[in-house]
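Taking it in order: structure first as structure tokens, then the write-up.
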There are 2 protein chains.
Amino acid sequence: MHASEMAYRALRDEIVDWELRPGTVLAEVEQSVRLGISRTPLRAALVRLTADGLVAPQVGRGLVVTDVSPQNIRELFEVRRALEEQAVRLAAERGDVAVFEVLERELLAVSDLLEGDDPGRRAYYDLVRRFDDAVDHAVANPYLVTALRGLRTHLVRIRRHAKDDPGRLRGAAAEHLMIVQAIIDRDAELAAHATHVHLHRALQNALAGTADRTSGRSGRGPDPATP
Amino acid sequence: MHASEMAYRALRDEIVDWELRPGTVLAEVEQSVRLGISRTPLRAALVRLTADGLVAPQVGRGLVVTDVSPQNIRELFEVRRALEEQAVRLAAERGDVAVFEVLERELLAVSDLLEGDDPGRRAYYDLVRRFDDAVDHAVANPYLVTALRGLRTHLVRIRRHAKDDPGRLRGAAAEHLMIVQAIIDRDAELAAHATHVHLHRALQNALAGTADRTSGRSGRGPDPATP
DNA sequence: TATCGCCACTGTGTATACATTTGCTAAGCT
DNA sequence: AGCTTAGCAAATGTATACACAGTGGCGATA
């Protein structure tokens, strides 16, 4: 495995897991020493992270981990709405019904998993991931899938700080079930509208969960001294 | 100006202008000596071009300029539909009406420009660019604008080989006028539907113009020997 | 003559050394 | 006392050298 690929995944995962918090400066020498590689492959990783929007150049301080503000979340969801509605539309037109029927059965049984304990939640997130993969496979559009995957990286980072209480998870499961059934019925418009509703709820939940738990900086104002 | 930035722009423009045709192998040493820089900044440029989807790694031959097949064009337009419809929706909600009223007047006068000669066509393309900029400014969403800009790079490359006859340009101008008027009326749904129609026509035109003028490779099959 | 194996060459991946730019600090002058 | 300038230091941008992997060609053997 290439060092640059390893560095990219390591940094991306640390950013998504909030181990590298928004505003953290990623100095090249510091990170290359920490990851045990040279500056050259590290720079390749940083270029990719910049393209992903997970880090951004800041005027006087080099590359910093991008902020997650309510404003950022709203903007991200505006793009997400566009891409995911299109994706489920195409999935409804082209998808393999049998694949989504399996997901339907699992979603119908998911309430049993969500009785509050953590392993059940993990199983639910895994089911959502399989749903996403099924949609990706159904749309069969590399450009769209690439864009969606980039978005999902940001969304996972947001979710790490949003509180998904069991009630919300049951709601989300019901919304996903609606989408899956629309795809099975090959009803593209219903699938798109159900996705719209789902994302509206998800945005409300994300904003409620993170509004007062972000890094504190809005991303625009001056940097309060943090000695 | 940084060498890596210069190399990125030079290679991107050459790919968009079809000077570097699809299938061209971009060897690092070869390109670095050609551009008069070292391999290090060139590699940064290539990473960015890969993220843009203008070049892609191929198994045994390093990075090659990506192909433009009818299939690619259809896939690109599926993403474009999603993003541009969302963009004009948001522009209709948030845009500065005065800005779009200026564009409306220019679009009403554009038929005079399109009497077949090349300077008029140039002026029309410039007007479309100003329309795109106005939409970008109105949506005020960095994620969406970044995605749209990346798409437009591909679209310019496609347009370079599509034949935009005066009839099509007049049609496109009429469609743009419809979108602009919908934005002025703050009718988001009308703007989105008008954009859908416009992109449908644009896709038809792009496919008609490039179906038998691509590089010849479909992008999936084996490489026919070209000695 | 055909096939298999080895050698050489080309090209990418990585590391390190060097240069340039930018920001911070200190000192001197107004 | 405050502002400006100069110098230093650190970090990024760039270049080059080296190592390894992959591929193609050539030769030998069956």
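Where a number appears in this text, it was derived from the coordinates with a stated rule and is not lab data. Just so it is clear, the model here is predicted, and its values are computed rather than measured. Reconstructed Cβ throughout: ideal geometry from the backbone, glycine too, with neighbour counts over all protein chains shown.
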Quiz item: Under a point spin-label approximation (7 Å from Cα along Cα-to-Cβ), what is the residue B:18-residue B:163 distance to one decimal in nm?
Solution: 1.2
Quiz item: Summing +1 for each Lys or Arg and -1 for each Asp or Glu, what net charge is found among the other residues whose Cβ lies under 12 Å from the Cβ of residue A:189?
Solution: -2
Exercise. Kindly give the distances from residue B:33 to its copy-mates, label point to label point, with each label point 7 Å from Cα along Cα→Cβ, as nm values to one decimal ordered shortest first.
Key: 3.8
Quiz item: Exposure proxy check: B:183, B:37 ranked by fewest other beta carbons within 10 Å?
Solution: B:37, B:183
Quiz item: Taking every residue in A:135-147, how many Cβ atoms of other protein chains lie within 10 Å of its Cβ, on average?
Solution: 3
Quiz item: Fewest first, what order do A:108, B:46 take by the number of other Cβ atoms within 10 Å?
Solution: A:108, B:46
Quiz item: What shape does chain A have by the C-alpha gyration tensor, where a ≥ b ≥ c are the square roots of the eigenvalues, rounded means a/c under 1.5, and otherwise prolate means a/b greater than b/c and oblate the rest?
Solution: prolate
Quiz item: Put the label 7 Å from Cα along Cα→Cβ for residue B:130; what are its distances to the other copies, in nanometres, shortest first?
Solution: 5.5
Quiz item: For A:74-80, what's the mean count of beta carbons from other chains sitting within 10 Å of each residue's beta carbon?
Solution: 5
Quiz item: By count of other Cβ within 10 Å, fewest leading, how are B:104, B:85 ordered?
Solution: B:104, B:85
Practice problem: Working from Cα positions, state the angle (0 to 90°, nearest 10) between the long axis of helix A:142-159 and the longest principal axis of chain A. | Solution: 70
Quiz prompt | Average other protein chain Cβ within 10 Å of Cβ, residues B:42-50 | solution = 3
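Where Rh is the Kirkwood radius over the Cα pairs of the protein assembly as shown, the temperature 10 °C and the viscosity 1.306 mPa s, what D in µm²/s does Stokes-Einstein return? All intermediate terms of the calculation are to be shown ahead of the outcome.
Numbers: Rh = 24.1 Å.
Translational D for this selection: 66 µm²/s.
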Practice problem: Please work out, to two decimal places, the log10 of the ratio I(q)/I(0) at q = 0.13, 0.15, 0.21 Å⁻¹ from a Debye calculation in which every Cα of the range B:35-103 carries one identical scatterer. | Solution: -0.66, -0.75, -0.93
Self-check item: Pseudo-label separations to other copies for residue A:197 - Cα-to-Cβ vector, 7 Å, nm
Solution: 3.0
Quiz item: Relative to the first principal axis of the alpha-carbon coordinates of chain B, what is the inclination of helix B:166-184, with its axis defined by its Cα atoms, in degrees from 0 to 90 and to the nearest 10?
Solution: 60
